[in-house]
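Read the structure below first, then the notes.
The values are calculated or read from the model by the stated rules, or taken from the named source; none is laboratory data. Just so it is clear, the model here is predicted, and its values are computed rather than measured. Cβ: placed from backbone, ideal geometry, glycine included. Neighbour counts: every protein chain shown.
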Amino acid sequence: MLVLEDGKVAQDASPGDVTRAPRSAWVARLLGRNAYPGTADDGGIVLDDGFRLVTADPLPGNGPALAVIHPEDVALYRSRPEGSPRNTWPARVELVTPVGTRLRVATRGTGGGPDAVAEITPAAAADLTLAEGVPIWVTIKATEVTLTPL
């Protein structure tokens, strides 16, 4: 599969390899994923804006990397959650869009956190009373952050 970005080859690999390990933020977002470029370190990745995501499987060595997170692996809360997830930040709901039997919730990070897209059920959205502008907390377990070297 050949994926072009701005007329240049962004990735040339089998469909399975492109899906498992997108090689650019553009390719990952084309696949509907959250994608964050940055610099890998011992425990995760420091994003280009300085925010740090923790991962359970850090890359060997430091260097340019891409953090990829599936929207269904993003959890939303109305108040700051307690527990084991390592990546939590405040955000505001930007847009709620139906996708099949689920809803995609676009969030705008506040307080230094990145924007993120979550995929949740309509029942979860109703429980959270989600609407544009509602403050929420975005949470992602370290085990759900996949790093790819760039």
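Find the residue count for the range 95-109, including only residues that are surrounded by 14 or more Cβ atoms within 10 Å (Cβ to Cβ) and over 15 Å from L47 (Cα atoms). The qualifying residues number 8. Residue count for the range 51-93 under the criterion of being farther than 25 Å from A10 by Cα and of a type in the set (G, A, S): the result is 6. Residue check: G112 meets all listed conditions (1) free of Cβ contacts under 8 Å to residues at least 12 places away in the same chain; (2) over 26 Å from A10 (Cβ atoms) but one, namely (1). Sort out which residues of the range 91-108 are in contact with a Pro (Cβ under 9 Å, 6 or more places away or on another chain) and assigned to a loop (DSSP other than H, G, I, E, B), and write them in order of number. The one that is in contact with a Pro (Cβ under 9 Å, 6 or more places away or on another chain) and assigned to a loop (DSSP other than H, G, I, E, B): T101. Only residues that are polar (S, T, N, Q) and either at positive phi or at pLDDT below 95 (or both) were counted across the range 38-68, and they come to 1. Out of the range 113-135, which residues are in contact with an Asp or Glu (Cβ under 9 Å, 6 or more places away or on another chain) and farther than 26 Å from V145 by Cβ? The answer is E132, G133. Looking only at the range 120-138, decide whether some residue is small (G, A, S), surrounded by 15 or more Cβ atoms within 10 Å (Cβ to Cβ), modelled with pLDDT of 95 or more and part of a strand (DSSP E or B). No, the range 120-138 contains no residue that is small (G, A, S), surrounded by 15 or more Cβ atoms within 10 Å (Cβ to Cβ), modelled with pLDDT of 95 or more and part of a strand (DSSP E or B).
Can you run down the residue pairs with Cβ atoms below 6 Å, 6 or more apart or on separate chains, where the first is in the range 1-29 and outside the structural domain of D115 (by TED's automatic domain parsing) and charged (D, E, K, R) and the partner is modelled with pLDDT under 75 and surrounded by 14 or more Cβ atoms within 10 Å (Cβ to Cβ)? Pairs found: R23/Q11.
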